[in-house]
Amino acid sequence: MVDVRFYKNKGPLTLAQIAEICGAELLDASKASETIADLASMEKANSQDICFFFDKKAKAKASEMKAKACISTNELKEFIPAHVIVLVCDNPKLASLKLNEALYELNAPKPQIAASAHISPQASLGQNCYVGENAVIAAGVKIGHNCRIEANAVIDENCVIGDNCRIGVGAHISYCLMGNDCYIFSGAQIGQDGFGFMMINGQHKRIPQLGRVIIGNDVEIGANACVDRGALDDTVIGDGCRIDNLTQVAHNVVLGRGCILVSQVGIAGSTHLGDYVVLGGQVGLADHVNIGSGTQIAAQSGVMSDIGPGQVMMGSPAVPIKQFMRQTAFVQKAVKK
């Protein structure tokens with residue numbers, strides 16, 4: 001059961017409403033007026049809840065279901081107990097997302113500016129914004145409508161943030177132009193110096209970092225992630241990208257649309273990713289590497305050279321995944337000899 005101390009429950013909903021929201025068919029039309037109070041996992045759902053069943057491997061658990069109703073597929077409905085009201089659709093995972101959004105929402109603060117917030121007179125905020133305790137918004141900053149700047153967040157001079165953005169607790173935004181509908185999670189650091197040095201007379205001399213961070217629309221950057229600004233050219237995060245917690249995106253990196261970086265990914269400077277590239281956890285990319293659109297790189301892989309579009313890679317150095325499997329099998333056989 002979802003804890004309503006943290007999430008607002010907008011129910012109950014009738015099964016007729018749920019069927020419409022999810023694009024599902026209610027197999028017993030006489031149950032259309034029955035109401036659902038909550039959404040739960042198949043294992044924990046009780047007689048007032050609805051659950052989802054979409055994994056054939058879980059059919060044994062499905063027989064023990066105690067939910068009032070279940071959304072599943074035509075293929076799997078036969079494994080649902082007779083006492084459970086059944087709705088069917090082509091994609092129960094998508095249905096669960098739709099119902100989740102319809103039934104719950106985060107407890108969000110009302111638009112207001114905390115008395116302890118520090119906002120420059122030369123900054124501008126749109127309508128319906130929230131600014132939390134001790135947040136700092138510097139001169140020249142432009143923030144759009146319906147934004148949420150949480151406690152202790154810092155937005156440095158002349159940054160631009162679009163509409164419907166959320167800047168998490170303690171995040172720091174500098175040298176950045178950001179689009180609409182972005183969420184920068186707590187502790188993220190956007191626009192810090194790129195890691196650039198030159199050896200001069202036995203000393204590491206810092207190379208001035210004169211670029212920016214350009215963030216598109218509908219981007220999420222996770223807690224304690226770091227996106228460095230460019231040295232001369234910009235660091236660019238394309239529309240729809242999802243960057244997990246504890247990732248490092250170095251200076252002059254360019255991400256295309258819809259890329260996914262899972263936790264602890266590290267991307268070295270001037271690397272370019274195409275659209276919809278997926279990097280698993282702890283993947284490391286060398287500098288000046290180009291990764292083609294649609295490529296997927298498995299967790300803990302190391303990439304040292306360019307990869308064309310649509311590849312599935314694994315290992316360090318990364319190779320096509322079938323080759324990696326053959327290499328692994330060969331080593332295992334060799335060890336046993």
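The values are calculated or read from the model by the stated rules, or taken from the named source; none is laboratory data. Note that the coordinates shown come from a computational prediction; the quantities given were computed from them, not determined experimentally. Here the Cβ positions follow ideal geometry from the backbone for every residue, glycine too, while neighbour counts run over all protein chains shown.
For the reader, a short list of remarks on this structure follows.
- Taking the criterion of being in a strand (DSSP E or B) and either in contact (Cβ under 8 Å) with a residue 40 or more places away in the chain or β-branched (Val, Ile, Thr) (or both), the residues of segment 182-224 that qualify are Ile184, Ile190, Ile200, Val213, Ile214, Ile215, Ile221.
- Test: Gln209 is closer than 16 Å to Val154 by Cα and either touching a helix residue (DSSP H, G or I) at 6+ places or on another chain (Cβ under 7 Å) or among the polar types (S, T, N, Q) (or both): no
- Selected residue [under 30 Å from Gly23 (Cβ atoms) and modelled with pLDDT of 95 or more] from Val88, Val136: Val88
Yes/no per residue for (1) out of contact with any Lys or Arg (no Cβ under 7 Å at 6 or more places or on another chain); (2) in the same structural domain as Ser96 (by TED's automatic domain parsing); (3) modelled with pLDDT under 95; (4) crowded, with 16+ Cβ neighbours inside 10 Å:
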position	(1), (2), (3), (4)
Leu26	yes, yes, no, yes
Ser30	yes, yes, no, no
Ser33	yes, yes, no, no
Asp38	yes, yes, yes, yes
Met42	no, yes, yes, yes
Ile50	no, yes, no, yes
Lys56	yes, yes, yes, no
Ala60	yes, yes, yes, no
Glu64	yes, yes, yes, no
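- Qualifying residue in segment 96-104 (condition: closer than 22 Å to Cys226 by Cα, modelled with pLDDT of 95 or more, in contact with a strand residue (DSSP E or B) (Cβ under 7 Å, 6 or more places away or on another chain) and buried (at least 20 other Cβ atoms within 10 Å of the Cβ)): no
- Qualifying residue in segment 134-143 (condition: part of a loop (DSSP other than H, G, I, E, B), under 21 Å from Val249 (Cα atoms), touching a strand residue (DSSP E or B) at 6+ places or on another chain (Cβ under 6 Å) and free of Cβ contacts under 8 Å to residues at least 60 places away in the same chain): no
- When segment 155-188 is limited to residues that are of a type in the set (A, V, I, L, M, F, W, C) and farther than 15 Å from Val141 by Cα, the one that is surrounded by the fewest Cβ atoms within 10 Å (Cβ to Cβ) turns out to be Val169.
- Within segment 277-289, the set of residues being surrounded by fewer than 20 Cβ atoms within 10 Å (Cβ to Cβ), under 22 Å from Glu220 (Cβ atoms) and out of contact with any Ser or Thr (no Cβ under 6 Å at 6 or more places or on another chain) comprises Val278, Gly280, Gln282, Gly284.
- Residue check, Ser305 part of a loop (DSSP other than H, G, I, E, B), at pLDDT 95 or above, under 29 Å from Arg166 (Cβ atoms) and in the same structural domain as Ala188 (by TED's automatic domain parsing): no
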